[in-house]
């Protein structure tokens, strides 16, 4: 019975390796960083007027406060496209669509509230994820699969490290 599960684990491992190393995933990580550093990328003046709301294929959606800001930002659209595409290292966006922001929350505001991450490591933080009550009590529950046991031990160590190490 352990053999089919191990075969599935190997398959899952190959899938995850392809996922993490895929150009699409790397692009998504660059996009997430772009939202966080929006003001640095487009400049403080433009960032104050235009807030990133999202994307659809190659269209960048930006929110503005009013019609006057919309008119001004429309003049900055070529600069915004050049700056954003340069930060991504490729021509990803070819169009900017402006909308009134209204009650929508911009992606740069959301990104500021998230913890910093190192590369592709998960954004887990003990401030976000509470330590499970039964953490470390699982014994012999891995059916002889060393990869699962290593992963679980790393998860246990995550909660045992000092909080200062989590914010790096």
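All of the numbers you see were taken from the coordinates with simple rules; none came from a lab. All values derive from a computational prediction rather than experimental measurement. Because the Cβ atoms are built from the backbone with ideal geometry, glycine has one as well, and the counts that use them run over all protein chains shown.
The calculated FRET efficiency for the pair residue 59 and residue 22, based on their C-beta separation and a Förster distance of 22 Å, comes to about 0.50. Placing R0 at 22 angstrom, the Cβ-Cβ distance between residue 91 and residue 33 gives a FRET efficiency of 0.80 after rounding to 0.05.
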